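The values are calculated or read from the model by the stated rules, or taken from the named source; none is laboratory data. These numbers come from a predicted model, not from an experiment. Neighbour counts are summed over all protein chains in view; Cβ atoms, including those assigned to glycine, are modelled from backbone coordinates with ideal geometry.
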Amino acid sequence: MSKPKVIVTRRWPQEAEARLRALFDVTLNVDDRPLDRAALQRAFRDHDAVFPTVTDRIDAEAMSAEPLRARLIGNFGVGFNNIDVAAAKARGLVVTNTPEVLTDATADLAMTLLLMTARRAGEGERHVRNKEWSGWRPTHMMGTQVTGKTLGLIGLGRIGRAMAKRASHGFDMRVIFFDPFPPPAEALQDLGAERRESIESVLAEADFVSLHCPATPENFNLMNAARFAAMKDDAILVNTARGDVVDEAALVRALADGRIAGAGLDVFAREPAVTPELLAMENVVLLPHLGSATRETRTAMGLRVIENAEAFFAGKEPRDRVA
């Protein structure tokens, strides 16, 4: 019996690629360059499954190949806003993602951004590398305290809860949150997280605001000019969710006008492009979408895609099916 034919749109960690070769007739992207529209269409025409990343735009055009051979889209990522799910359903394609395995890595990075921005770590590192440091002095490059402050979370899913745990247990922070679909009360007990009835209520209280909401049409530009105005003027924004939940032009104005004190960003609205004004701001820490970028996590993500695909081709229900 022939193996299912699958294609991977970018390089995966070595262990995951070895597993792919063992199980499938696999086409790997050895050059690790993004596939263009024509190549994506050929992928759907010539393979039984397509394994894209969150940066591949899998829309109706990409899935318009005739004849359509593909039956499965195994997304390498927990978010799947890069995929037109309705179009996939219309074409009879099953869609899976990779939840759970990247929770801790992403929460770790969110806390990293919070700490770096609060303590001006990016600015300080540049200061040393540029040989501008003239020595210790009491008023040099003072940041803001983290321990004991209030963290506001927008979204309290797996990653939001992991962030709350780090903040509450590790830094003795008070945690407040807004989520239209909050977890059960017992899930909050260990976190000490306090629910608020609106985003604005969180913004009014929080010293740090960390975004952990999905990229849905309802959340597009969730953080806009009005909501930046609702934040404390010494507050810091952290975003490890998706770039398009933040109106970057409004963020630039809020930072420039001193409406908020700083921002730590791992994701951007038009990746890999970054709003030029952000690049010039010292009160902003910028990272290149590193939320899940540990060897352990990226390997686990690849293996989770494979696990779902194995189930699918065995005639079973993939446990991470989203469509």
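Condition check: within 24 Å of Leu303 (Cβ to Cβ) and part of a strand (DSSP E or B). Does Val95 satisfy that?
So Val95 passes the test.
Restricted to the stretch 183-204, and to residues that are surrounded by 12 or more Cβ atoms within 10 Å (Cβ to Cβ) and assigned to a loop (DSSP other than H, G, I, E, B), which residue is nearest to the chain's Cα centre (by Cα)?
Pro183
Sort out which residues of the stretch 47-77 are closer than 27 Å to Glu100 by Cα, in a loop (DSSP other than H, G, I, E, B) and at pLDDT 95 or above, and write them in order of number.
Result: Asp48, Pro52, Asp56, Arg57, Asp59, Ala70, Arg71, Asn75, Gly77.
Kindly indicate which of Val95, Val101 is out of contact with any strand residue (DSSP E or B) (no Cβ under 7 Å at 6 or more places or on another chain) and of a type in the set (A, V, I, L, M). Before the answer, list the steps.
Details: Val95 fails: out of contact with any strand residue (DSSP E or B) (no Cβ under 7 Å at 6 or more places or on another chain).
Only one candidate qualifies: Val101.
Could you please give the count of residues in the stretch 129-153 that are surrounded by 10 or more Cβ atoms within 10 Å (Cβ to Cβ) and not in a loop (DSSP other than H, G, I, E, B)?
4
Residue by residue through the stretch 17-33, note down the ones that are surrounded by 15 or more Cβ atoms within 10 Å (Cβ to Cβ) and not in a helix (DSSP H, G or I).
Those that are surrounded by 15 or more Cβ atoms within 10 Å (Cβ to Cβ) and not in a helix (DSSP H, G or I): Phe24, Val26, Thr27, Leu28, Asn29.
Within the stretch 1-8, is even one residue closer than 22 Å to Ala88 by Cα and part of a helix (DSSP H, G or I)?
Scanning the stretch 1-8, I find no residue that is closer than 22 Å to Ala88 by Cα and part of a helix (DSSP H, G or I), so the answer is no.
Among the numbered criteria (1) modelled with pLDDT of 95 or more; (2) part of a loop (DSSP other than H, G, I, E, B); (3) closer than 30 Å to Asn219 by Cβ, which single criterion is violated by Phe44?
Against the list (1) modelled with pLDDT of 95 or more; (2) part of a loop (DSSP other than H, G, I, E, B); (3) closer than 30 Å to Asn219 by Cβ, Phe44 comes up short only on (2).
Of the numbered conditions (1) among the β-branched types (Val, Ile, Thr); (2) assigned by TED's automatic domain parsing to the domain that holds His127; (3) in contact with a Pro (Cβ under 9 Å, 6 or more places away or on another chain), Thr299 satisfies every one except a single condition; which is it?
Against the list (1) among the β-branched types (Val, Ile, Thr); (2) assigned by TED's automatic domain parsing to the domain that holds His127; (3) in contact with a Pro (Cβ under 9 Å, 6 or more places away or on another chain), Thr299 comes up short only on (2).
In the list Asn75, Asn81, which residue meets the criterion of being surrounded by fewer than 21 Cβ atoms within 10 Å (Cβ to Cβ) and polar (S, T, N, Q)?
Working: Asn75 fails: surrounded by fewer than 21 Cβ atoms within 10 Å (Cβ to Cβ).
Residue meeting the stated conditions: Asn81.
Here's the yes/no breakdown for (1) in the same structural domain as Arg166 (by TED's automatic domain parsing); (2) among the small types (Gly, Ala, Ser); (3) at pLDDT 95 or above:
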{"residue": "Leu93", "(1), (2), (3)": "no, no, yes"}
{"residue": "Ala110", "(1), (2), (3)": "yes, yes, yes"}
{"residue": "Leu114", "(1), (2), (3)": "yes, no, yes"}
{"residue": "His127", "(1), (2), (3)": "yes, no, yes"}
{"residue": "Gly135", "(1), (2), (3)": "yes, yes, yes"}
